[in-house]
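The values are calculated or read from the model by the stated rules, or taken from the named source; none is laboratory data. Treat the numbers as computed from the prediction; the structure is a model and nothing was measured. We place every Cβ from the backbone using ideal geometry, glycine too, and count neighbours over all the protein chains shown.
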Amino acid sequence: MKYKLETIPVWDALNENCECPFCILMEKAEARYIKYYLGNSAMNPETRVEVNKTGFCPQHFSGLLLARSPQHLGLIAHTHLQHWMDDLDKKYPSRRKSLLERLSRKGPTQSEAFSDHIDNRTKSCLICDRIERTLKRYTFTSVYLWKNDEEGFRSGLESSKGFCIPHAKELLLMGEEILNQQEFSEFATAIENLQKKNFERLEEEINWFTQKFKSENHDKPWGSAEDAHYRLIQKLTGKITAH
Ligand SMILES: [Zn+2]
Ligand SMILES: [Zn+2]
């Protein structure tokens with residue numbers, strides 16, 4: 001698959017020296033998409049059709065609510081509801097088929113089929129989809145920069161704090177997709193060493209963080225451990241989003 005290179009944002013995020021550059025990039029992408037879906041450009045007919053059909057997950061509907069643009073959000077939510085009302089007309093279990101048809105059918109019952117349909121629809125989200133595609137571009141760019149060692153990317157990566165666990169997985173998957181076997185083995189080793197080194201660093205920090213609450217340590221300096229619990233949770237789960 002072809003992906004677009006986006007070297008500048010990847011370098012900028014890496015230079016922030018945080019627990020995961022992809023978390024920074026995804027947070028920015030999320031903010032951008034929330035703004036987009038509440039802006040005038042999302043009012044064009046094609047986007048409205050997409051929004052009506054797919055909608056947003058609970059997290060991103062909350063993000064849209066928090067962005068406080070009630071007029072646009074009202075329009076989006078209104079036509080999205082109309083799409084759901086069509087669903088009721090077409091898919092509700094009371095739209096019963098003839099007795100013969102029902103007796104002869106195999107597979108899920110009407111209620112099960114309706115339940116699956118609702119589950120699929122409520123899980124779908126335009127912003128999640130776009131974030132996923134954006135992450136692919138950034139992981140592709142990172143693997144590309146590593147492969148060509150452009151502008152000292154390998155040493156930049158080595159001196160970074162590594163990645164959160166979910167994004168390290170995405171990076172490895174991209175590495176496997178676009179590198180040859182020899183390159184991938186080298187790449188995977190580099191990422192594993194980087195992750196290990198930074199897990200050890202965080203383990204020391206969280207250990208000191210917990211020790212600091214003991215009375216004998218009250219007056220001792222925090223060092224870098226004051227927000228270790230926050231950074232550790234980010235490392236384990238990915239960015240804790242603002243909403
Ligand atoms: Zn991350
Ligand atoms: Zn979403």
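Please find, among Ser94, Ser62, Ser41, the residue that is among the small types (Gly, Ala, Ser), more than 28 Å from Ser160 (Cβ to Cβ) and not in a helix (DSSP H, G or I).
Ser94
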Exercise. Considering the range 123-160 alone, what residues qualify as being of a type outside the set (D, E, K, R) and within 11 Å of ligand 2 (Cβ to nearest atom)?
Worked result: Ser124, Cys125, Leu126, Ile127, Cys128, Ile131
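Which residues, counting only those in the range 170-189, are touching a Gly at 6+ places or on another chain (Cβ under 9 Å) and either without any contact (Cβ under 8 Å) to a residue 40 or more places away in the chain or of a type in the set (D, E, K, R) (or both)? I'd like the intermediate steps shown before the answer.
The initial filter retains those residues of the range 170-189 that are touching a Gly at 6+ places or on another chain (Cβ under 9 Å), namely 183-184, 187-188.
Correct list: Glu183, Phe184, Ala188.
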Seminar exercise, completed: Here the residues within the range 104-129 that are closer than 15 Å to Asp87 by Cα and over 32 Å from the mean Cα position of the chain (by Cα) are Gln110
Seminar exercise, completed: Contact list, first residue from the range 5-21 and over 26 Å from Ala228 (Cα atoms), second anywhere and at pLDDT below 95 and more than 16 Å from ligand 2 (Cβ to nearest atom), beta-carbon distance below 8 Å, six or more apart or interchain, is Thr7/Glu150
Exercise. Which of the residues that make up the range 187-242 are of a type in the set (Gly, Ala, Ser), at pLDDT below 95 and within 29 Å of Met174 (Cβ to Cβ)?
Worked result: Gly238, Ala242
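Filter the range 113-142 down to residues that are of a type in the set (Lys, Arg) and closer than 16 Å to Pro9 by Cβ and give me whichever is surrounded by the fewest Cβ atoms within 10 Å (Cβ to Cβ).
Taking the candidates together, the pick is Arg133.
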Problem set entry | Unique residue being assigned to a helix (DSSP H, G or I) and under 19 Å from Cys23 (Cβ atoms) when the list is Glu132, Glu151, Glu176, Glu112 | Glu132
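A quick yes/no check of all residues on (1) surrounded by 13 or more Cβ atoms within 10 Å (Cβ to Cβ); (2) away from ligand 1 (no atom under 15 Å from the Cβ); (3) under 19 Å from the mean Cα position of the chain (by Cα):
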position: Tyr144; (1), (2), (3): yes, yes, no
position: Gly156; (1), (2), (3): yes, yes, no
position: Ser159; (1), (2), (3): no, yes, no
position: Gly175; (1), (2), (3): yes, yes, yes
position: Ala190; (1), (2), (3): yes, yes, no
position: Ile206; (1), (2), (3): yes, yes, no
position: Phe213; (1), (2), (3): no, yes, no
position: Leu232; (1), (2), (3): yes, no, yes
position: Lys235; (1), (2), (3): yes, no, yes
Problem set entry | So Met26, is it farther than 30 Å from Leu232 by Cα and either surrounded by fewer than 16 Cβ atoms within 10 Å (Cβ to Cβ) or aliphatic (A, V, I, L, M) (or both) | no
Exercise. Being of a type in the set (D, E, K, R) and in a loop (DSSP other than H, G, I, E, B), is that true of even one residue in the range 161-170?
Worked result: yes
For this session: State whether one or more residues within the range 84-91 are in a loop (DSSP other than H, G, I, E, B), modelled with pLDDT under 90 and out of contact with any helix residue (DSSP H, G or I) (no Cβ under 7 Å at 6 or more places or on another chain).
Result: no
